[in-house]
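Read the figures in this text as sums done on the coordinates, not as results from a lab. All figures in this text were calculated on a predicted structure; none of them were measured in a lab. Reconstructed Cβ throughout: ideal geometry from the backbone, glycine too, with neighbour counts over all protein chains shown.
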Amino acid sequence: MTALARFKELVVDAVDVETSARFWSAALGLTLRREDSDVWLDGPSVGHGVCFNTVPEPKTVKNRVHLDVHTGSLAELTAAGAVIIEPAGPGRAWTVMTDPDGQEFCAFVRDEVPEYRLYELVIDCAEPEPLARWWASVLGGELESDEDGDWGLSRVPGVPFEYLVFGRVPEPKTIKNRVHWDVEVADPQLLIDAGATLLRPRGGDLGWHVLADPAGNEFCAFERTAEEDAPA
């Protein structure tokens, strides 16, 4: 099956984007870049990019989408501003932490830490399998599942981390996600026809279309030009 779109970059909402960006620059091994009032993290490819949006509302509920990271030690992360909220223990190889904005992420301590430290992106949902299959139809990649009923996508074109993981949770989505990803697509109608919902069309100062996946997770779709699709 041909993928409908390609992964572009991650986007993080934060009250204090400068502090958040500095933390994630160190945590992920990416370069911080400022342009006017915008803040980005850059890496070897477009897919490594992280864009930070300033929002007025503080974090109030558990993140529906969070990052899992490789790290050499928890001390490196706490020194940069993270807080441990659930330590690793029997049956769990990761430590649950929050960044300076209060957003949860999971840290996996490694003996050898890769230069780029994002391990996977985790999406909470009520039904992991159909949502994983939907994103596989959109972005491509290989579907996997485990004995707990969680599903994942690996080897997604343009994605520099290892997995998109879809994990089952009992609570419904209630507010806008503070972490999302952008995609590039020839025509956003392809995504709508596949089951996405158009939340806000491109126009005015908005240079992209705001959509939601079948589980209500927001994402942004940028239209590719014919030149961008042409072979090099």
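Brief remarks follow.
- Taken residue by residue, region 19-42 has at least one member that is among the aliphatic types (A, V, I, L, M), surrounded by 20 or more Cβ atoms within 10 Å (Cβ to Cβ), without any contact (Cβ under 8 Å) to a residue 24 or more places away in the chain and closer than 19 Å to Asp101 by Cα.
- Test set (1) free of Cβ contacts under 8 Å to residues at least 60 places away in the same chain; (2) of a type in the set (Val, Ile, Thr); (3) not in a helix (DSSP H, G or I) - Thr78 fails condition number: (3)
Residue by residue, here is whether (1) over 21 Å from Gly47 (Cα atoms); (2) among the aromatic types (Phe, Trp, Tyr) holds:
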{"residue": "Ser154", "(1), (2)": "no, no"}
{"residue": "Phe166", "(1), (2)": "no, yes"}
{"residue": "Glu171", "(1), (2)": "yes, no"}
{"residue": "Val185", "(1), (2)": "no, no"}
{"residue": "His209", "(1), (2)": "no, no"}
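- Whichever residue in region 209-224 is of a type in the set (D, E, K, R) and assigned to a loop (DSSP other than H, G, I, E, B) and, among such residues, is surrounded by the fewest Cβ atoms within 10 Å (Cβ to Cβ): Arg224
- From the list His66, His70, the lone residue that is surrounded by 19 or more Cβ atoms within 10 Å (Cβ to Cβ) and closer than 30 Å to Asp36 by Cα is His66.
- Some residue of region 101-110 being in a loop (DSSP other than H, G, I, E, B), aromatic (Phe, Trp, Tyr) and surrounded by fewer than 19 Cβ atoms within 10 Å (Cβ to Cβ): no
- Those residues of region 86-96 which are assigned to a strand (DSSP E or B) and surrounded by fewer than 11 Cβ atoms within 10 Å (Cβ to Cβ), in sequence order: Gly89
- Check on Leu206, surrounded by fewer than 14 Cβ atoms within 10 Å (Cβ to Cβ) and of a type in the set (A, V, I, L, M): yes
- Output for region 143-165, where each listed residue is farther than 22 Å from His70 by Cα and touching a Leu at 6+ places or on another chain (Cβ under 9 Å): Leu143
Residues are listed down the side, and each one gets a yes or a no for (1) out of contact with any strand residue (DSSP E or B) (no Cβ under 7 Å at 6 or more places or on another chain); (2) more than 19 Å from Phe166 (Cα to Cα):
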site	(1), (2)
Ala75	yes, yes
Ala82	no, yes
Pro87	no, yes
Ala93	no, no
Val96	no, no
Asp101	no, yes
Glu104	no, no
Arg110	no, yes
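- Candidate set: region 150-205, residues that are touching a Cys at 6+ places or on another chain (Cβ under 9 Å) and among the aliphatic types (A, V, I, L, M); chosen: the one farthest from Leu139 (Cα to Cα): Val169
- Evaluating Pro58 against the criteria (1) farther than 30 Å from Ala126 by Cβ; (2) part of a loop (DSSP other than H, G, I, E, B) leaves one unmet condition, (1).
- Test: residue in region 7-19 that is in contact with a Gly (Cβ under 6 Å, 6 or more places away or on another chain) and under 30 Å from Ala194 (Cβ atoms): yes
- Of the numbered criteria (1) out of contact with any strand residue (DSSP E or B) (no Cβ under 6 Å at 6 or more places or on another chain); (2) in a loop (DSSP other than H, G, I, E, B), the one Asp193 fails is (2).
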